[in-house]
Amino acid sequence: MAIKFQYNKIALQSLNKQLNIRLRTLPTLKNKESTLRFEVEKVRKKIRELEEKFALEFDNCTKSPAIWSEFIPYLISIGKVKTTTRSIAGIKTPELDEIVYQIEDFSLFSNPKWFPEGITIVKGLVNIAVEKDLYKRKMELLNQARRKTTQKVNLYEKVQIPAFEDAIRKIKRFLEDEENLSKSAQKILKNRQQLSEMYA
């Protein structure tokens with residue numbers, strides 16, 4: 001990254017200020033990146049657990065498929081999925097609060113007596129599926145934020161900080177050379193004055 005600058009003390013102060021901002025921010029960004037990486041891994045593990053739990057529950061309830069052929073599909077539906085927001089390293093992520101179900105009225109006398117238990121089983125499966133979907137959304141958000149943070153860390157660490165340090169070094173060398181030349185010119189001028197006074 002090429003930084004445009006002038007060879008003077010004002011530019012040096014400005015570059016130092018910008019460099020210090022990045023040096024102070026870098027540890028915070030690295031900390032955020034590692035937190036997000038840890039959270040993504042935690043969420044990924046939770047998704048695997050939910051997938052395994054769903055598969056197990058689904059296998060248990062499909063052992064007797066003939067019973068489920070009697071079940072009325074429209075008996076239960078999702079009315080509303082209530083979520084809350086939780087902030088992780090400054091990233092707002094969804095959390096499952098509650099699932100509100102709509103259950104149609106049915107007669108216990110004219111339908112199989114296991115229907116209430118069937119509704120409970122369906123609720124359990126839907127809860128797991130909805131929670132898994134929310135965790136997937138959470139992982140997408142955290143992963144996206146982690147990628148952006150990693151890019152910023154790399155930009156600061158590998159591009160901007162070295163570029164600012166290089167520019168500051170160049171300005172300091174230039175100013176030192178200018179000061180040395182000025183001192184040398186003053187010495188030469190002083191020597192000439194002394195010589196002219198001696199021969200006058």
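List the pairs whose first member sits in the range 11-23 and is closer than 18 Å to Lys158 by Cβ, whose second member is open to solvent by less than 40 Å² (accessible area, probe 1.4 Å) and among the polar types (S, T, N, Q), and whose Cβ atoms are under 6 Å apart, counting only residues at least 6 apart or on separate chains?
Arg22/Gln160
Given the conditions (1) open to solvent by 40 Å² or more (accessible area, probe 1.4 Å); (2) within 30 Å of Trp68 (Cα to Cα), report the number of the one that Ile99 does not fulfil.
Checking Ile99 against (1) open to solvent by 40 Å² or more (accessible area, probe 1.4 Å); (2) within 30 Å of Trp68 (Cα to Cα), the one that fails is (1).
Give the number of residues within the range 1-37 that are assigned to a helix (DSSP H, G or I), of a type in the set (Lys, Arg) and open to solvent by 90 Å² or more (accessible area, probe 1.4 Å).
Total meeting the criteria: 4.
Taking the range 68-96 as the search range and keeping residues that are farther than 22 Å from Ile128 by Cα and of a type in the set (Val, Ile, Thr), which one is most open to solvent (accessible area, probe 1.4 Å)?
Ile91
So, in the range 103-118, how many residues would count as being open to solvent by less than 80 Å² (accessible area, probe 1.4 Å) and under 23 Å from Pro65 (Cβ atoms)?
As a first pass, look at the range 103-118 and keep what is open to solvent by less than 80 Å² (accessible area, probe 1.4 Å): 103, 106-107, 111-112, 114-116, 118.
Subsequent filtering for residues that are under 23 Å from Pro65 (Cβ atoms) retains 103, 106, 111-112, 114-116, 118.
Here the count works out to 8.
In the range 89-115, what residues are of a type in the set (A, V, I, L, M, F, W, C) and in contact (Cβ under 8 Å) with a residue 24 or more places away in the chain? Lay out the reasoning, then the answer.
Step one: of the range 89-115, the residues of a type in the set (A, V, I, L, M, F, W, C) are 89, 91, 96, 99-100, 103, 106, 108-109, 114-115.
Once the filter is applied, which keeps residues that are of a type in the set (A, V, I, L, M, F, W, C) and in contact (Cβ under 8 Å) with a residue 24 or more places away in the chain, the range 89-115 yields Ala89, Ile91, Leu96, Ile99, Ile103, Phe106, Trp114, Phe115.
The values are calculated or read from the model by the stated rules, or taken from the named source; none is laboratory data. Worth saying up front: this structure is predicted, and the values here are computed from it rather than measured. All Cβ positions, glycine included, derive from the backbone under ideal geometry; neighbour counts span all protein chains shown. Heavy atoms of the whole protein, side chains included, go into the accessibility calculation; ligands, DNA and RNA do not. Shrake-Rupley method; radii C 1.70, N 1.55, O 1.52, S 1.80 Å.
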